1. Mind counting the residues in segment 221-274 that are in a loop (DSSP other than H, G, I, E, B) and aliphatic (A, V, I, L, M)?
2. Does segment 70-87 contain at least one residue that is of a type in the set (S, T, N, Q), buried (at least 17 other Cβ atoms within 10 Å of the Cβ), more than 19 Å from the chain's Cα centre (by Cα) and at pLDDT below 95?
3. Within the bounds of segment 1-19, is there any residue that is under 27 Å from Arg149 (Cβ atoms) and under 21 Å from the mean Cα position of the chain (by Cα)?
4. How about segment 132-156: which of its residues are basic (Lys, Arg) and either in a loop (DSSP other than H, G, I, E, B) or under 19 Å from Pro61 (Cβ atoms) (or both)?
5. Please pick out the residue among Pro219, Pro225 that is in contact (Cβ under 8 Å) with a residue 60 or more places away in the chain, surrounded by fewer than 23 Cβ atoms within 10 Å (Cβ to Cβ) and more than 29 Å from Pro293 (Cα to Cα).
6. Would you be able to tell me the number of residues in segment 249-268 that are modelled with pLDDT under 90 and not small (Gly, Ala, Ser)?
7. Taking segment 192-216 only, how many residues are in contact with a Phe, Trp or Tyr (Cβ under 7 Å, 6 or more places away or on another chain) and either under 23 Å from Asp69 (Cβ atoms) or crowded, with 22+ Cβ neighbours inside 10 Å (or both)?
8. Exactly one of these conditions fails for Arg179: (1) surrounded by 16 or more Cβ atoms within 10 Å (Cβ to Cβ); (2) touching a helix residue (DSSP H, G or I) at 6+ places or on another chain (Cβ under 7 Å). Give me its number.
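The values are calculated or read from the model by the stated rules, or taken from the named source; none is laboratory data. What you see is a predicted model; the values in this text were computed from it and never measured. For neighbour counting, all protein chains shown are included, and Cβ atoms are generated from backbone atoms with ideal geometry for every residue, glycine included.
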Amino acid sequence: MSAVMPPEARRRRDDLVRRLARADGTLGVFDEVSTGLQRLVPFDSAAWMTIDPGTGLPTGPTLIEDFPDVTSEQCSEHWRREFVDADVNRFDALVRAARPAAALRALTGDPDRSPRYRRFVEPLGFHDELRAVLRVGETPWGALTLWRRPDRPAFTARETEMVAGLPRPIGEALRARARPTEALGGLVRHDRPGLMLFDGAGDLASVNEQARARLDELPPDENLPTDLGVQVPLWLVITVLRAGAVVHGAGDGTARARVQSRRGPWLVCHASCLDAAMGQSATIAVVIEPAKPAEIAPIIIDAYDLSDREQQLTRLIARGAGTVEMASAVTTNVCAHHAGQHRRSRRPPPRKCWRLPSSCVLASDDPDSAWTGERSWSRH
């Protein structure tokens, strides 16, 4: 940090970082950060969310604190505009920014220049907003938003800099809790997919029994009620709205997010905007199904911060390659015997060890589980 941090602030910051290591799960990380950050950068309301490191979209779990009551329509409209409005401090911009945190008033000078401030922040009684993306390197693992009411001053440059210094340790804590604890073969299931249909406003219009069963497997989260008697997690609605943004000229009409179920196996949600003319109402179909090995492999690569060589081997394993093919593909003097050792590795390695984590051990010859090539927001 460029400014000299007061000793008491440094002590509190260091205490916050130490407590992250003891946090129980992702929600525990958010609880620890919220408690510690409140003493460093006071706020009135906050939102914490995890991010799919491959797609950059929110996923579960999320945590919202002391926020005013809003309708499902208000929430959906807020996130729809996140993808279509030309606004300051959008999360996709903060992912790529040199400093991954910024306060709205300080950035704009006049907050009325921000559509989000006019339509969302001010009407809900807030005076300022500070956002940050919790990233490790260029890979996002989460995001936070802090709000202040008019009886507090706007976020200062020192406070913003304080928050900007925390994304890496918090991102590391979130990344550690995303690491699979068992072989990837045990995280993959072959159940039938579920299907849901949403309208352009993000409201659920139809859901089949398989989708109801998949929704029941999702971890506890911030849910939105529906007229069909099921609760839909906020992050899934955001995925729907990202796909639907194509009718406003944003994106390609598809979106995807992955989440780990209560029982351990991963699920993937594919959202696709059905035929709709520009500016017209849209229908978004969502398929929720067990994730294939290659859909989980990118999370493993990011979660373990694998080297280029380890990434190459992980991709080959996800594709179902044999040891001979792995040895010939890896051009840095890796013999077939050594490649076989990688495939048989069954325990997570020390951080500096070259062996692949046990989560990369697959038993898949499924040609449909080929490496997807996503990683548009991360570079190694």
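1. 4
2. Yes, segment 70-87 contains a residue that is of a type in the set (S, T, N, Q), buried (at least 17 other Cβ atoms within 10 Å of the Cβ), more than 19 Å from the chain's Cα centre (by Cα) and at pLDDT below 95.
3. No: zero hits.
4. Arg135, Arg149, Arg152, listed by residue number.
5. Criteria check complete, one pass: Pro225.
6. The total comes to 5.
7. The total comes to 1.
8. Among (1) surrounded by 16 or more Cβ atoms within 10 Å (Cβ to Cβ); (2) touching a helix residue (DSSP H, G or I) at 6+ places or on another chain (Cβ under 7 Å), the lone unmet condition for Arg179 is (1).
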